[in-house]
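Heads up: the structure comes next, in structure tokens.
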Amino acid sequence: MSLKERITEDMKSAMRAAQKERLGTVRMILAGIKQREVDERVTLDDSQVLAVIDKMVKQRNESIAQFETGGRADLVAKEKAEIALLQEYLPTQLAPAEIEALISAAIAKTGAASLKDMGKVMGALKSELAGRADMGAVSARIKQKLG
């Protein structure tokens, strides 16, 4: 069963169980997937669906920062609940030590020596870390190691 099919089945289950919050979030995921499929005129595979969900998690994290600044605890709680549900569909996150080991291995494999080679390292890591690590943080770590 593909990830998209699993999400659709979860939507049906949430409807049957009358779980309003869960249903709303699952519908939001499906709408995001459908929007990207329509925009790009393609059918998304699992890795592309993971990218959509990962982007949604990042958006929620940014919203949480804004809502905390504005003192809106109710909206912070709502966003955190959505993140928890979104993360059910993402693979388990890697520990920092695992990410460090993968970065070191990618640098060694690509023979990267300076910041000019950062693209090679990111390319080598992208498929391996998709959905399992924050690529912005990974990029920062690679810059540190190469810089």
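Can you work out which of the residues in the range 76-94 that are of a type in the set (V, I, T) and farther than 18 Å from D10 by Cα is nearest to the chain's Cα centre (by Cα)?
T92
Going through the range 36-45 one residue at a time, which ones are exposed (fewer than 15 other Cβ atoms within 10 Å of the Cβ) and of a type outside the set (A, V, I, L, M)?
D39, E40, R41, T43, D45
Of S47, S63, S13, S104, which residue is under 20 Å from S127 (Cβ atoms) and either at pLDDT 90 or above or under 15 Å from the mean Cα position of the chain (by Cα) (or both)? Steps first, please.
Working: S63 fails: under 20 Å from S127 (Cβ atoms); S13 fails: under 20 Å from S127 (Cβ atoms); S104 fails: either at pLDDT 90 or above or under 15 Å from the mean Cα position of the chain (by Cα) (or both).
Answer to the selection: S47.
Can you give me the number of residues within the range 56-83 that are exposed (fewer than 12 other Cβ atoms within 10 Å of the Cβ), closer than 19 Å to R132 by Cα and of a type in the set (A, V, I, L, M)?
Number of matching residues: 0.
Do you know which residues across the range 84-100 are assigned to a helix (DSSP H, G or I) and under 18 Å from G131 (Cβ atoms)?
Passing the criteria: A84, L85, L86, Q87, P96, E98, I99.
What's the total number of residues in the range 20-35 that are surrounded by 16 or more Cβ atoms within 10 Å (Cβ to Cβ) and of a type outside the set (A, V, I, L, M, F, W, C)?
Counting residues in the range 20-35 that are surrounded by 16 or more Cβ atoms within 10 Å (Cβ to Cβ) and of a type outside the set (A, V, I, L, M, F, W, C) gives 3.
Check Y89 against each of (1) surrounded by fewer than 17 Cβ atoms within 10 Å (Cβ to Cβ); (2) hydroxyl-bearing (S, T, Y); (3) within 30 Å of V26 (Cβ to Cβ) and name the one condition it does not meet.
(1)
Look through A97, A73 and report the one residue that is at pLDDT 85 or above, hydrophobic (A, V, I, L, M, F, W, C), farther than 23 Å from D45 by Cβ and under 21 Å from the mean Cα position of the chain (by Cα). First the steps, then the outcome.
Values: A73 fails: under 21 Å from the mean Cα position of the chain (by Cα).
It is A97.
Residues in the range 102-119 that are without any contact (Cβ under 8 Å) to a residue 12 or more places away in the chain and touching a helix residue (DSSP H, G or I) at 6+ places or on another chain (Cβ under 8 Å): how many?
Residues flagged as without any contact (Cβ under 8 Å) to a residue 12 or more places away in the chain and touching a helix residue (DSSP H, G or I) at 6+ places or on another chain (Cβ under 8 Å) within the range 102-119 amount to 1.
The values are calculated or read from the model by the stated rules, or taken from the named source; none is laboratory data. Keep in mind the model is a prediction, meaning the values are calculated, not measured. Glycine gets a Cβ as well: all are built from the backbone with ideal geometry, and neighbour counts include every protein chain shown.
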